[in-house]
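Below: the structure, in structure tokens.
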Amino acid sequence: MDTEDLLRIERELAPGDADAYRRHLAPEAVVVVPGAALDRDACVAAIEQAPTWDEWTIDDPRALPLGADAAVLTYRWRSRRGDQAYAALMSSAYARRDGAWRLVLHQQTPLPA
């Protein structure tokens, strides 16, 4: 497992590009956001409707291998869209499928303002 490979995927997903989500989400993926657990199609649809972030940062990334073909990446997220700020602890579980890392579970825990 290469932490940089997983971070590269997270950085592709971070701005909110629906095509990136289509490329990297596993067919059975679940994305847990405040108030909802979305399957792959619902997540992509939500991303298509949301404006992109004006700025964002990924800090304190840590990768935990779960075997040769699975890993969890955790990090602190901070972003801004207009005057709306969002901060959360993020966890993304990846499985290697057909030679590529696929996001199978993403979970967000919002941080207090």
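Here, each number is a calculation from the coordinates, and none is a lab measurement. In this text, all values refer to a predicted model and were calculated from it rather than measured experimentally.
For P(r) over Cα pairs in 5 Å bins from 0, in percent, pick the label among [x] 2, 8, 6, 7, 6, 6, 6, 6, 6, 7, 8, 7, 6, 4, 3, 3, 3, 3, 2, 1, 0, 0; [y] 2, 11, 22, 24, 17, 10, 6, 4, 2, 1, 0; [z] 2, 12, 22, 27, 22, 10, 3, 1, 0 that corresponds to the value derived from the coordinates. The listed entry that was calculated here is [z].
What the phi angles of the stretch 57-72 give under the Karplus curve with 6.51, -1.76 and 1.60, with θ = phi - 60°, is a coupling list of 9, 10, 10, 6, x, 9, 10, 10, x, 10, x, 5, 10, 8, 7, 10 Hz, glycine and proline written as x. Near D17, no amide H atom lies under 5 Å from its own; only residues 5 or more places off or on other chains count, and H is placed 1.01 Å from N. Backbone phi angles across the stretch 97-113, fed through the Karplus curve with coefficients 6.51, -1.76 and 1.60 (θ = phi - 60°), yield HN-Hα couplings of 10, 6, x, 10, 6, 10, 6, 9, 8, 10, 9, 10, 10, x, 9, x, 5 Hz in residue order; Gly and Pro are listed as x. The length gained on full extension between W56 and L7, counted as 0.36 nm times the residue separation minus their Cα-Cα distance, comes to 16.3 nm. DSSP bridge analysis restricted to the stretch 5-113 gives an antiparallel fraction near 90%, rounded to the nearest 5.
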